[in-house]
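Written below as structure tokens is the structure these notes are about.
The values are calculated or read from the model by the stated rules, or taken from the named source; none is laboratory data. This is a predicted model, so every value here is computed, not measured. Here the Cβ positions follow ideal geometry from the backbone for every residue, glycine too, while neighbour counts run over all protein chains shown. SASA here: full protein model, heavy atoms, side chains in, ligands and nucleic acids out. Shrake-Rupley method; radii C 1.70, N 1.55, O 1.52, S 1.80 Å.
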Amino acid sequence: GVFEGEIVWLSDSRTLLVSLIPGRRTAPPQPPLAPSGPNVQENLGGKTPAPTYQDLLQNPYDEQLFEHYATTQLAVVTVDGQVTPLGVPGIITAATPSPDGRFILVEALHRPFSYTVPAESFPRTIDVWDRSGEPVYRVADLPLADKVPITFGSVPTGPRSVSWRADADATLYWAEALDGGDAGVQTDERDRLYMLPPPFDGPPISLLTLNLRFGGVQWSSDELALVSGWWWKTRNIRVWRIYPGAPHTPPVLLQDRSYEDRYNDPGDPLMRLTDRGTSVLMTQGDSVLYLIGTGASPEGNRPFL
């Protein structure tokens, strides 16, 4: 449970996805009596302003301890107690079953580690496994994210926020930066939202190009999804309606406001659980949404639906 400690039900309501201590794990590595050599760090010539962090790996022994304790064996466990290991052990930071339970989206860290950034910035693979633990599609193999600009709103390059569509059987979606991840660059195109249905053998489908940083998607159907974008410097938030089943249909801008303006906050869409345990928009047809909010006003909060 160092990273992925959550126990997740699959949609059949009879199977759990769990993280186990690897069966062949040995005793923790012992500290060396003397260093095998100096701690070497390379500067390859580029200027990379970066924030400072505490509690980082500091030497090869720290790396060994990290690998020892963070390595996980994924497994499925049925309600009658049958345990089936999936794939090979790894430093798995996230494992998410698709809504229909046929696939598992797996994120795992790998070497080389870093002594200057935390684990969330280490190199990682993002893969789709089938229910037997066999890889069926690689979304990305992301390098060490140690060169992300320090301007607020900057992000790593490559696929990020990779997840499953909540209203579909097993459709992936993710965002990618179009500005090199640098919020300091002047451009009209910041992020692009992609979608990829099974069997994951075609090119990703472009759903929306944002002029702000991608903030998330709330799904409903092929006729309705809400995509949010934000920008720190202006405190701007925008929400678009898109048509996932018709990607070339122009998006409709529903909100364009400051996220610090609580008086004019229209509220958040009400969500409901599907029979697969995913959250989708609560709607009346594809034309009515329900919004809920605190209703901030000069006289105090007036919560509303």
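A quick yes/no check of all residues on (1) touching a residue at least 12 places away in the same chain (Cβ under 8 Å); (2) polar (S, T, N, Q):
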residue: Pro247; (1), (2): yes, no
residue: Leu254; (1), (2): yes, no
residue: Tyr259; (1), (2): yes, no
residue: Met271; (1), (2): yes, no
residue: Thr278; (1), (2): yes, yes
residue: Met282; (1), (2): yes, no
residue: Ser287; (1), (2): no, yes
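Only residues that are open to solvent by 40 Å² or more (accessible area, probe 1.4 Å) and touching a strand residue (DSSP E or B) at 6+ places or on another chain (Cβ under 9 Å): list them for segment 170-187, please. Step through it out loud before you land on a result.
Start the filter on segment 170-187 by keeping residues that are open to solvent by 40 Å² or more (accessible area, probe 1.4 Å), which leaves 176, 178, 180, 182, 184-187.
Listed by number, the residues that qualify are Glu176, Leu178.
State which residue pairs qualify: first residue within 16 Å of Val83 (Cβ to Cβ) and of a type in the set (Gly, Ala, Ser) and inside segment 4-28, second residue in a strand (DSSP E or B) and open to solvent by 40 Å² or more (accessible area, probe 1.4 Å) in any location, beta carbons under 8 Å apart, and separation of 6 or more residues or different chains.
Gly23/Pro85
Leu57: surrounded by 12 or more Cβ atoms within 10 Å (Cβ to Cβ), touching a helix residue (DSSP H, G or I) at 6+ places or on another chain (Cβ under 8 Å), within 21 Å of Arg111 (Cα to Cα) and not aromatic (Phe, Trp, Tyr), yes or no? Working first, answer last.
Working: surrounded by 12 or more Cβ atoms within 10 Å (Cβ to Cβ): yes; touching a helix residue (DSSP H, G or I) at 6+ places or on another chain (Cβ under 8 Å): yes; within 21 Å of Arg111 (Cα to Cα): yes; not aromatic (Phe, Trp, Tyr): yes.
Yes.
Answer yes or no: is there a residue in segment 38-53 that is under 30 Å from Val128 (Cβ atoms), open to solvent by less than 90 Å² (accessible area, probe 1.4 Å), in contact (Cβ under 8 Å) with a residue 40 or more places away in the chain and not small (Gly, Ala, Ser).
Taking segment 38-53 as the starting set, the residues that turn out to be under 30 Å from Val128 (Cβ atoms) are none.
Taking every residue of segment 38-53 in turn, none turns out to be under 30 Å from Val128 (Cβ atoms), open to solvent by less than 90 Å² (accessible area, probe 1.4 Å), in contact (Cβ under 8 Å) with a residue 40 or more places away in the chain and not small (Gly, Ala, Ser).
Does Trp230 satisfy being closer than 17 Å to Ala168 by Cβ, assigned to a strand (DSSP E or B) and either in contact with a Leu (Cβ under 9 Å, 6 or more places away or on another chain) or in contact (Cβ under 8 Å) with a residue 24 or more places away in the chain (or both)?
Criteria not met by Trp230.
Can you find a residue that is among the acidic types (Asp, Glu) and assigned to a strand (DSSP E or B) anywhere in segment 248-262? First the steps, then the outcome.
Just the residues of segment 248-262 that are among the acidic types (Asp, Glu), to begin with: 256, 260-261.
Then keep just the ones that are assigned to a strand (DSSP E or B); that gives 256.
Within segment 248-262 (the criterion being among the acidic types (Asp, Glu) and assigned to a strand (DSSP E or B)), the answer is yes, since at least one residue qualifies.
Pro198: in contact (Cβ under 8 Å) with a residue 24 or more places away in the chain, closer than 22 Å to Ser163 by Cα, in contact with a Leu (Cβ under 9 Å, 6 or more places away or on another chain) and open to solvent by less than 60 Å² (accessible area, probe 1.4 Å), yes or no?
Details: in contact (Cβ under 8 Å) with a residue 24 or more places away in the chain: yes; closer than 22 Å to Ser163 by Cα: yes; in contact with a Leu (Cβ under 9 Å, 6 or more places away or on another chain): yes; open to solvent by less than 60 Å² (accessible area, probe 1.4 Å): yes.
Considered against the rule, which asks whether it is in contact (Cβ under 8 Å) with a residue 24 or more places away in the chain, closer than 22 Å to Ser163 by Cα, in contact with a Leu (Cβ under 9 Å, 6 or more places away or on another chain) and open to solvent by less than 60 Å² (accessible area, probe 1.4 Å), Pro198 comes out as yes.
Quick check on segment 209-227: of everything there that is crowded, with 20+ Cβ neighbours inside 10 Å and more than 30 Å from Pro149 (Cα to Cα), which residue is farthest from the chain's Cα centre (by Cα)?
Leu224
Among (1) over 30 Å from Gly184 (Cα atoms); (2) modelled with pLDDT of 95 or more, there is one condition Ala34 misses while meeting the rest; what is its number?
The single condition Ala34 does not satisfy is (2).
Looking at segment 118-138 only, could you name the residues that are open to solvent by 20 Å² or more (accessible area, probe 1.4 Å) and not polar (S, T, N, Q)?
Across segment 118-138, the qualifying residues are Pro118, Ala119, Glu120, Arg124, Trp129, Asp130, Arg131, Glu134, Pro135, Val136, Tyr137, Arg138.
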